[in-house]
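Worksheet for the structure shown next.
The values are calculated or read from the model by the stated rules, or taken from the named source; none is laboratory data. Quantities reported herein were computed from a predicted structural model and do not represent experimental measurements. Neighbour counts are summed over all protein chains in view; Cβ atoms, including those assigned to glycine, are modelled from backbone coordinates with ideal geometry. Calculation scope for accessible area: heavy atoms of the full protein, side chains included, ligands and nucleic acids excluded. Shrake-Rupley method; radii C 1.70, N 1.55, O 1.52, S 1.80 Å.
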Amino acid sequence: MAEIRVPELAESITEGTIAQWLKQPGDYVEKGEYIVELETDKVNVEVISEEAGTVKELQAAEGDTVEVGQVIAIVEAGAGGSAPAAAPAEETQAEPASKAEEKQVQPEPVKEDPNNRTIASPAARKLAREKGIDLTAVKTADPLGRVRVQDVETHQDTPKQPAAAPQKAPAAAAPAKKQDDGKPVERERMSRRRQTIAKRLVEVQQTAAMLTTFNEIDMTNIMDLRKRKKDKFFDDHDVRLGFMSFFTKAVVAGLKKYPYVNAEIDGDEVVLKKFYDIGVAVSTEEGLVVPVVRDCDRKNFAEIEGSIMDMALKARDNKLALADLQGGSFTITNGGVFGSLLSTPILNGSQVGILGMHTIQKRPVAVGDSIEIRPMMYVALSYDHRIIDGKEAVGFLKMVKELIENPEDLLLEG
């Protein structure tokens, strides 16, 4: 008999929420097979069974909060629920059978497991739950039969649910409850990650002396450079040349000149970080996550673009590891991808600085003695005024502005 316990997650994570049981009592589980999906503050984690056998008991329900080390299920060694599927195959091999009988036996193992459990990524399972889609009905192009988010999204677009749609209409209208004034409302439980995001954002605003300074950047030169170099860059490195690598390099140069922007407060001490691990905020269905691009001072433009792209894909497919989200020294967030013209970003955790990029908008600008239409971007630096003075903050943001407006200078700074 084996106990399934909540594994060690990370230093800062001591508990999680049961997102979904992948096995039920009576189900057979192989050694190393996923048995439950846990939702933590930062990422979803699938827990495996360390022993093959039958799930005897689940000691926590979906939605329950569980702590690291807590027993959440019992697996009893032995065939148990798998016997009906395994026995026919063994009996068929033991008895001399005709070729016709062998052909009838062959399709059975193809049915994956006796409980018709579909293999799917955590993100795909979550999306299917939200949309009310039966995973067993979803077709996948994966050679191993694993259902991905794309498969669930494609399934939604197919006209294969005419019977399900009419049943869902009354169900959607029914849960609408009424407030005291009789107005209809719908209550929705916040996910664990959304609760954690809300809690930490409030904590930052309550514990840091946060202030924001603004500037604007003329994007003409960087857009011209990107236009001239992007095709060759892609041919050489197999990754697209975006603006994020330029801003990351400019930020690193600024952090080197203004080291207190790359610091954190620990009690009555200031910890000056001598490394440049830049967090890049990525929006997902679960909320904002900030994977970290390591050693940006040592990476070239292609390596930075490649790392950002990999992290963004992992975030959207819910495949980020806890290590991908820890240890950043400064953060960049780009609200411009959603059309934001101006905002005041909130500091990320214990960091003391965050740069906010925004949408590029053509505006009339004074150039010398004339007025020209230029592509302009507002940028914002939120900082912790406890250790960063206004002079440093403005100087840092001004340096980022100057390097972006003269992108060739980034090569000298690098």
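Mind checking which residues of the stretch 355-385 are exposed (fewer than 14 other Cβ atoms within 10 Å of the Cβ) and of a type in the set (A, V, I, L, M)?
ALA366, VAL367, ILE371, ILE373
Does any residue of the stretch 372-382 turn out to be touching a Leu at 6+ places or on another chain (Cβ under 9 Å) and at pLDDT below 95? Show your work before the answer.
Here is the first cut: in the stretch 372-382, the ones touching a Leu at 6+ places or on another chain (Cβ under 9 Å) are 378-382.
From the residues that got through so far, the ones that are at pLDDT below 95 too are none.
Looking through the stretch 372-382, none of the residues is touching a Leu at 6+ places or on another chain (Cβ under 9 Å) and at pLDDT below 95.
Restricted to the stretch 305-354, and to residues that are in contact (Cβ under 8 Å) with a residue 60 or more places away in the chain and β-branched (Val, Ile, Thr), which residue is surrounded by the fewest Cβ atoms within 10 Å (Cβ to Cβ)?
THR344
How many of the residues making up the stretch 276-293 are exposed (fewer than 15 other Cβ atoms within 10 Å of the Cβ) and outside any strand (DSSP E or B)?
To start, the set of residues in the stretch 276-293 that are exposed (fewer than 15 other Cβ atoms within 10 Å of the Cβ) comprises 285, 287.
Pick out the ones that are also outside any strand (DSSP E or B) and you get 285.
Qualifying residue count, the stretch 276-293: 1.
Filter the strands (runs of 3 or more DSSP E) completely within the stretch 1-70 down to those with at least 2 residues that are over 24 Å from LEU325 (Cβ atoms).
2-5, 53-58
Residue check, SER191 against (1) at pLDDT below 90; (2) open to solvent by 70 Å² or more (accessible area, probe 1.4 Å), all met but one. Which one?
With (1) at pLDDT below 90; (2) open to solvent by 70 Å² or more (accessible area, probe 1.4 Å) applied to SER191, the lone miss is (2).
Every residue in the stretch 162-188 that is at pLDDT 80 or above and open to solvent by 70 Å² or more (accessible area, probe 1.4 Å), please.
LYS183, PRO184, GLU186, ARG187, GLU188
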